[in-house]
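Trainee: Pasting a structure here, questions to come.
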There are 4 protein chains.
Amino acid sequence: MSAGAGILETIARVRQEVCSLHAELTRYELVVWTAGNVSARVPGTDLMVIKPSGVAYQDLTPEQMIVTDLHGTPVRGTNVGAGGTVDWGNPPLSPSSDTAAHAYVYRHMPEVGGVVHTHSTYATAWAARGEAIPCVLTMMGDEFGGSIPVGPFALIGDDSIGHGIVETLKNSNSPAVLMQNHGPFTIGKDAKSAVKAAVMCEEVARTVHIARQLGDPLPIDQGHIDSLYARYQNVYGQ
Amino acid sequence: MSAGAGILETIARVRQEVCSLHAELTRYELVVWTAGNVSARVPGTDLMVIKPSGVAYQDLTPEQMIVTDLHGTPVRGTNVGAGGTVDWGNPPLSPSSDTAAHAYVYRHMPEVGGVVHTHSTYATAWAARGEAIPCVLTMMGDEFGGSIPVGPFALIGDDSIGHGIVETLKNSNSPAVLMQNHGPFTIGKDAKSAVKAAVMCEEVARTVHIARQLGDPLPIDQGHIDSLYARYQNVYGQ
Amino acid sequence: MSAGAGILETIARVRQEVCSLHAELTRYELVVWTAGNVSARVPGTDLMVIKPSGVAYQDLTPEQMIVTDLHGTPVRGTNVGAGGTVDWGNPPLSPSSDTAAHAYVYRHMPEVGGVVHTHSTYATAWAARGEAIPCVLTMMGDEFGGSIPVGPFALIGDDSIGHGIVETLKNSNSPAVLMQNHGPFTIGKDAKSAVKAAVMCEEVARTVHIARQLGDPLPIDQGHIDSLYARYQNVYGQ
Amino acid sequence: MSAGAGILETIARVRQEVCSLHAELTRYELVVWTAGNVSARVPGTDLMVIKPSGVAYQDLTPEQMIVTDLHGTPVRGTNVGAGGTVDWGNPPLSPSSDTAAHAYVYRHMPEVGGVVHTHSTYATAWAARGEAIPCVLTMMGDEFGGSIPVGPFALIGDDSIGHGIVETLKNSNSPAVLMQNHGPFTIGKDAKSAVKAAVMCEEVARTVHIARQLGDPLPIDQGHIDSLYARYQNVYGQ
C-alpha cells in the first residue's frame, strides 16, 4: 500500500508541475494556440508526464496531463508487488503529437528530467535558416556555455526528431537545440529548468537577431565564455 | 414551435461563439481599435452572424452580433411554416463594413463555416508588398500545406474582395489569403477554425519575416510539406 | 446658477473622458512612463482639459486633469454673469509640459476638439529620419487619406511646436503629423477621435516599416486612396 | 531606542520600495525570468538594499530584500550607541550576483541613491555591438543629454564591472551605460529614478534601432540637445 500511495502522490505532484509550467510558456509568449509542450520524467520510474494534444493552455488542468512510458504509450497504472496494482488514471485524451521526441530524449539521456518544445518566434527564425546562434552575450555564456546549435531537418512520425535532438545536444554545453525549419527543444534536470532554458533561448535568439540587424556583434573570447559558464552553473541562485 | 425554438437556440449559440471569439483576436494582438471581425454561418440555414461595425472589442455582447442573409442584409426573423414566424431580433447597429466579403465566401464556398478578417501586422506587411509567404516552417506545412497566397487589390463596396478571396483560395491548401495592400482573410469549417488560421497566419508571417531579415530560410521539399499537411489534417488533436 | 451648474457638469465630464482615454495609450503601448498626453477642448468655451505633468498613468484621476485657457494657463473658475462665479478647482499640479502645443492647435484649428501626443515607437522612428509614411495600405487610405506628413524640428518652450503642427496638418487629409526627431501629434473632432488617430498612426507606422524591411510596398493609386477616404469618413461605424 | 526605531523604519521603507520597483521591470518587459535587479542606498547610512539572487519577480516580498554594506556583504543589524544593537534581519538568501557592481557604484558615486541592471533587449543589442546610441530623439536630449555610452567588457567576480560603470558614467550626462556584450546599468538620485532611466534607455534603444533599420536618423544639433537637457532636468514634472 505505501508503494501505491507513493507513486500516486508523485504522479499527482508531477502532473501539477507540468500543468502549471505551461503558464510560463504563455507568460513569455513562447507559444500561440496549442503549439508547445512541457514534459517531465517521473522520478524513480520509467514513466513521463506530458501535455495532451490540441488542448488550449488556459483550459489545462493537472488531471489532463498524460502519463506514458518512455516510448510514449499512455499507461494508467502499475503493479506494486505482491499482485497489487495502483491506478492513477489517464484522461480520454491523446498525448502531445511531440511525445515520441520527448520519450526518445528520456530513454537516451538519463540525466534529463524535463523537456520543452516550442515554436518561439526568434529561435524558430534561426532554425528556418539552419543557423546556430553565436555566443555574443554574457547571459549566453552563463546559460548556454557557447552557441546554441542546430539539429537536422526531421519529419514527425518516428524517432528522427528525438535522435536529432540527442545527437546534437550530447556534443554541446547548450540545453537548447534549434531543429531545422521547425523550432527549439530544450532540456533540463527537471521540467522547470527546461522551461527556463526555453525562455532564455528565445531571449538570446531575439537579442542576437536584433544586434545582427545593424552590424556584427563583438565576439567573446572562448576563455571568458568558459569562465561565465563555470561560475553560473555552480554559484548562481540560492 | 419546435422549429422556432430550434432556430432561436442555434442563433443564440452562434452569437455567443462569434462574440467570444473576438477575444482571441485581441489576445493574440491581431487587431487594434475595431479593425477586424469574425463571422459564422448559421448551420442548416442561409444565414450568417457577424460583428457590428465600429464597436470596441471590450464592449461586444452576444446580443449585438448581427444576423444577416448570405448577401449581408440584416434579417430579424424567419417563417417557420404554417404561417408561424420567429423573431431573434437584431440590435439597431450596422453589420461590419466587411460583411459583403464574408457573405460572398459563404455563398461560393459551401464547406466554409467561419470567416475572419484582420489587419494583423506581419501578414499585412507581406500583403503590402504583394508577396506570398513561402513554406519554410514545419508548422506552415502542418497548417497551410504550402505557401500563403496573395489575392488581388480590390476596393470595398461591391463583390471584388469576396471574389478575390474565393478565386485565390480555391486553388490552394491554405485557409488564409493575403489581400494585396489590405490584409489577411481566413476561412475554416467553423468560426473557431478560421480564428485559429488567423492566429497561425500572423505567427508564420512574423517568423518567416524575421528569418528573412538575416538571410534566406532553407526550403522544405514539397514531398515533406505534403506529408506534414496530410498527417496534421488527419491525426492532430483529440 | 444654471450656467454655473452647466459648466461644472461639462468640465467634470471632460475631465473624466480625458483621464480615461489615457488608458488607451497604455493599452496599445503608445507610451512609457509618463511620456504622452491627451487633451480636449471644453465645448462652448475657450477652455481645454489636459493631463498633469509627470504623473504615472495608473495613478491618474479625473480630478487631477488641469483646466487651462487656450494659451495653456491654468484657470480654476469663471464668471457666469451678474457677478456670480463658479469654481471647478484645479489640483496643485502643473499641466503637461506639452500644453503650449495643444493650446496653439485649439486656437488655430477651431474644428479640432481633441489633441494627443505620444512618442510611439514606430511613428517616432519615421520622425527621427524625417520621412513621411507612404500610403500603401487600404487602412491608411481609410483613416489618413494619404501619407502621414512630417513637421519641422522645433524646440519646446514657445509656439514652435504648435505652429509646426498646424502648418503641416492644414495642407493634409491626415489627422497625424510626425514632428521631426520628436514624435506624433494627432487631432480629432473630439479627444476619442484623436486617440484613435494616435493608435492607427502607430499601427500603420509599424506595418509599413515592416513591409519596407524586405522590399518595396506596392503603391495604391491616388484615385483609389480618395475613394477609400471618402467612403470611410462618411459611412463607417454606427 | 529612537535611533534603533528610526533605522528599522527606514530599512522597512527602502525594502518596500526596492521590492515594488521590480514590478516596473516586468511591466515594461525589461527582464525575463530573474535576469535583472534594483537596489537602493539606505539614506544616511553605509548600507544598501538589493534583490536576492534567482528569485522570481512574482514571488518577491519586501522581507526578502537583502541589506548589505557598501562592499556587498549582508549585514543583519548595527550598533546604535551605548552598547545597544538593532536587528532588521535578513532572509536566508544570497544577494543578487550583481551586488558587487551595485556596491562599487555606491562607494564611488555618493550622489547616486539607486542602481538598476537589466538585459533589456534593444539596449543589450547595442551593447553586443559595442555601439553607443546616438542622440537623435528629443526625448533622448531630455533624459540622457546626449548619446548613451558603452562601457568595457568585464567579467563578473571582482570590481571590473563596477569600475567600468563608474569610469564611463563620470564623463557623461547619461544615467545609463551599456556594458559591452552584457547589458545596461542605470543610476539615479533614488531607486525610482534609476528605474525610470532603465525604462527610457530601452525605449530609446528600440526607437533609434528601428529608425536606423530603414536609413539614417537626422542628427540634432548639440546646442539643441543641451537646451532640451537643461530644461528637462530643471522644470519637468511636479
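Read the figures in this text as sums done on the coordinates, not as results from a lab. As the structure is a prediction and not an experimental result, all values here were calculated from the model. When we count neighbours, we look across all protein chains shown, and the Cβ atoms used for this are built from the backbone with ideal geometry, even at glycine.
Trainee: Over 26 Å apart: what share of the alpha carbon pairs of chain B falls there, rounded to a whole percent?
Mentor: 38 percent
Trainee: Would you kindly work out, in nm and rounded to one decimal, the distances from the label point of residue D:16 to those of the same position in each other copy, ordered shortest first, with label points 7 Å along Cα-to-Cβ?
Mentor: Here residue D:16 shows inter-copy label distances of 3.3, 3.3, 4.6 nm.
Trainee: May I ask you to derive the relative contact order of chain B, considering only C-alpha pairs under 8 Å and at least 6 residues apart, and to give it as an integer percent?
Mentor: Normalised by residue count, the contact order of chain B is 20 percent.
Trainee: Along the charge dipole of chain B, Cβ charges K/R +1 and D/E -1, which of B:177, B:22, B:5 sits furthest on the positive end?
Mentor: Looking along the dipole axis, the top candidate is B:5.
Trainee: Report the gain in length on full extension from residue C:85 to residue C:170: 0.36 nm times residue separation, minus Cα-Cα distance, nm rounded to one decimal.
Mentor: This chain segment gains 26.9 nm when fully extended.
Trainee: Taking θ as phi - 60°, what are the ³J(HN,Hα) couplings along segment A:63-72 by the Karplus curve (6.51, -1.76, 1.60), each to the nearest whole Hz, with x for Gly and Pro?
Mentor: The phi angles translate into 5, 7, 5, 8, 8, 10, 7, 7, 10, x Hz.
Trainee: Are there trypsin sites (Lys or Arg not before Pro) in segment B:123-214 that DSSP puts in a loop and that have at most 14 other Cβ atoms within 10 Å, and which ones?
Mentor: B:170, B:189
Trainee: Counting other Cβ atoms within 10 Å of each Cβ, which GluC sites (Glu not before Pro) in segment C:47-132 have at most 15 and sit in a DSSP loop?
Mentor: C:111
Trainee: Given the options A:219, A:74, A:95, state which has the largest fluctuation in a GNM of chain A using a 10 Å cut-off (strictly under) for Cα springs.
Mentor: A:219
Trainee: What is the sum of charges, Lys and Arg at +1 and Asp and Glu at -1, for the other residues whose Cβ falls under 14 Å from the Cβ of residue C:164?
Mentor: Value of the local net charge: -3.
Trainee: Expressed as a whole number of Å, what is the distance separating the alpha-carbon centroids of segment A:157-198 and segment A:75-154?
Mentor: Cα centroid to Cα centroid, the span is 6 Å.
Trainee: Which one of D:128, D:103, D:40 has the biggest mean-square fluctuation once chain D is modelled by GNM with Cα springs under 10 Å?
Mentor: For chain D, modelled as a Gaussian network with Cα springs under 10 Å, the answer is D:128.
Trainee: For segment A:114-131, what does the Karplus curve 6.51 cos²θ - 1.76 cosθ + 1.60, with θ = phi - 60°, yield as ³J(HN,Hα) per residue in whole Hz, taken in order and with x for Gly and Pro?
Mentor: Each residue's phi maps through the Karplus curve to give x, 9, 10, 10, 9, 10, 4, 4, 6, 4, 5, 5, 4, 5, 5, 8, x, 10 Hz.
Trainee: So how strong a dipole does chain A carry about its Cα centre when Lys and Arg Cβ are +1 and Asp and Glu Cβ are -1, to the nearest 20 debye?
Mentor: I would put it at about 140 debye.
Trainee: Right, next: List the GluC sites (Glu not before Pro) within segment D:1-51 that DSSP assigns to loop and that have no more than 15 neighbouring Cβ atoms inside 10 Å.
Mentor: The qualifying sites are D:29.
Trainee: About its Cα centre, how strong a charge dipole does the protein assembly as shown have in debye, to the nearest 20, once Lys and Arg get +1 and Asp and Glu get -1 at the Cβ?
Mentor: So the dipole magnitude of the protein assembly as shown works out to roughly 540 debye.
Trainee: Another question, if that's okay. Suppose we consider the axis relating copy A to copy C; can you name the residue of A with the nearest Cβ and state that distance in angstrom as an integer?
Mentor: Here the value is A:213, 5.
Trainee: Let me know the charge dipole size of segment C:133-238 about its Cα centre in debye, to the nearest 20, where only the beta-carbon of Lys, Arg (+1) and Asp, Glu (-1) is charged.
Mentor: That gives a dipole near 200 debye.
Trainee: Further question: How high is the FRET efficiency from residue C:20 to residue A:23, r the C-beta distance, R0 25 Å, rounded to 0.05?
Mentor: 0.25
Trainee: Which of the listed residues, B:38, A:58, D:161, is farthest toward the dipole's positive end in the protein assembly as shown, when Lys, Arg count +1 and Asp, Glu count -1 at the beta-carbon?
Mentor: Sorting the options by dipole projection puts first A:58.
Trainee: Only bridges whose two residues both fall in segment B:3-234 count here: according to DSSP, what percent of them are antiparallel, nearest 5?
Mentor: About 95 percent, rounded to the nearest 5.
Trainee: Hey, in the GNM for chain D with a 10 angstrom Cα cutoff, which one of D:36, D:113, D:83 fluctuates hardest?
Mentor: D:83
Trainee: For residue D:12, put the label point 7 Å out on the Cα→Cβ axis and report which residues of segment D:54-77 keep their amide N under 17 Å from it.
Mentor: Once the point is set 7 Å along Cα→Cβ of residue D:12, D:61-67, D:77 turn out to lie under 17 Å by backbone N, inside segment D:54-77.
Trainee: Once you average over the residues of C:125-134, how many Cβ atoms of partner chains fall within 10 Å of each Cβ?
Mentor: What the average comes to for C:125-134 is 6.
Trainee: Another one. Placing the label point 7 Å from Cα along the Cα-to-Cβ direction, what are the distances from residue A:83 to the equivalent spots in the other copies, shortest first, in nm to one decimal?
Mentor: Result for residue A:83, in nm, nearest copy first: 7.7, 7.7, 11.0.
Trainee: From other protein chains only, count the Cβ atoms within 10 Å of every residue's Cβ in B:171-177, then give the mean.
Mentor: 0
Trainee: In terms of Cα to Cα distance under 25 Å, which lysines are near enough to residue C:51, apart from those fewer than 8 places away along the same chain?
Mentor: C:189, C:192, C:196, D:192, D:196
Trainee: So what's the back-of-envelope 222 nm ellipticity for chain D, counting only DSSP H runs of four-plus at -39500 (n - 2.57) apiece and dividing by all residues, rounded to 500?
Mentor: The helix contribution divided over chain D gives -13500 deg cm²/dmol.
Trainee: Let me ask something additional. Considering only the label points, 7 Å along Cα→Cβ from Cα, what distances in nm to one decimal separate residue C:157 from the same position in each other copy, shortest first?
Mentor: Spacings between copies for this position, smallest first, are 5.0, 5.0, 7.1 nm.
Trainee: Positive end of the dipole of the protein assembly as shown, charges at C-beta (+1 Lys, Arg; -1 Asp, Glu), about the Cα centre: which of D:94, D:149, D:84 has its Cα farthest in that direction?
Mentor: The residue sitting most towards the positive pole is D:84.
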